[in-house]
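Below you'll find the structure, written out as structure tokens, and then a few comments.
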Amino acid sequence: VFSFYAAQNRAVTAQDYRAIVYAMPPSFGAVKRCTIERDFDSFKRNLNLYVISEDTAGLLVETNLTIKNNLKTWLANYKIINDTIDILNARIVNFGINFKIVTDYSENKYNALEAATLSLKNYFTNNTFDIGEAIFVTDIYKELQKVPSVVDVLDVQFVPKTSGGAYSNTSFDFDEHLSTDGRYVIADRDTVFEIKFPNRDIQGSV
């Protein structure tokens, strides 16, 4: 936002564009997340703006055409003359998590499993991903290890949810996108991760 005003109401940097997108009046519609980058396949100063919205339940959905058109008109007031902008839908990657833990012998293992599962559900409910943001596997391990009755976390696996209908139809290979040190899953520049139904998409064993 500061850079936006520093540029005298003109978008110069990627941060400027993002600030302007989020500042669009609600009467024109809204996007939940956005990111912008240079289209290096273009000979001109063309920019790709990836956007995603949410429905009344707070779930990610593609931004509709009306909002895109309103956004294009809104950006025209602030963009540099030489900039051309393509407004594109970000691809939603729905996934689930399967984890395995070891619990303290003095604790009821089923109560411990329930507490661990609830901990992850709350974590992903309160932390939504940005477009192009990675999934940090280490954060999931840390969250599970915060549960007092959990002694160790043996495994964390990502389960693609691409059945269509309730889930996005975007296919995504988590193994191919895992970093070399196994600490995070790399997102494509136009993708956004989402655990759509935490109550059924997060499953644990003990």
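Selection of the range 114-137 for residues being open to solvent by 30 Å² or more (accessible area, probe 1.4 Å), in contact (Cβ under 8 Å) with a residue 60 or more places away in the chain and part of a helix (DSSP H, G or I) yields LYS121, THR125.
Taking the range 83-113 as the range and being in a strand (DSSP E or B), in contact with a strand residue (DSSP E or B) (Cβ under 6 Å, 6 or more places away or on another chain) and within 30 Å of ALA11 (Cβ to Cβ) as the test, the residues that pass are THR84, ILE85, ASP86, ILE87, LEU88, ARG91, ILE92, VAL93. Of everything listed in (1) part of a loop (DSSP other than H, G, I, E, B); (2) open to solvent by 30 Å² or more (accessible area, probe 1.4 Å), the single unmet condition for VAL147 is (2).
Regarding ASN98, is this residue open to solvent by 50 Å² or more (accessible area, probe 1.4 Å), modelled with pLDDT under 95 and closer than 25 Å to GLY58 by Cα? Break it down stepwise before answering.
Numbers: open to solvent by 50 Å² or more (accessible area, probe 1.4 Å): yes; modelled with pLDDT under 95: no; closer than 25 Å to GLY58 by Cα: yes.
Against the criterion (open to solvent by 50 Å² or more (accessible area, probe 1.4 Å), modelled with pLDDT under 95 and closer than 25 Å to GLY58 by Cα), ASN98 does not qualify.
Please tell me if VAL192 is farther than 17 Å from ALA90 by Cα, surrounded by 14 or more Cβ atoms within 10 Å (Cβ to Cβ) and at pLDDT 95 or above. Criteria not met by VAL192. Among the candidates GLY204, GLY182, GLY165, the residue that is modelled with pLDDT under 95 and farther than 29 Å from ASN48 by Cβ is uniquely GLY182.
Taking the range 52-79 as the search range and keeping residues that are among the β-branched types (Val, Ile, Thr) and exposed (fewer than 12 other Cβ atoms within 10 Å of the Cβ), which one is farthest from the chain's Cα centre (by Cα)? Steps first, please.
So the first thing to find is which residues in the range 52-79 are among the β-branched types (Val, Ile, Thr), and the list is 52, 56, 61, 63, 66-67, 73.
Those still in the list that are exposed (fewer than 12 other Cβ atoms within 10 Å of the Cβ) too: 56, 66, 73.
Details: THR56: 18, THR66: 23, THR73: 26 Å.
For the range 52-79, the residue satisfying everything is THR73.
The values are calculated or read from the model by the stated rules, or taken from the named source; none is laboratory data. Note that the structure is predicted; figures quoted are calculated from it, not measured. Cβ sites come from the backbone with ideal geometry, for glycine too, and all protein chains shown count toward neighbours. These area figures cover heavy atoms from the full protein model, side chains too; ligands, DNA and RNA do not enter into them. Shrake-Rupley method; radii C 1.70, N 1.55, O 1.52, S 1.80 Å.
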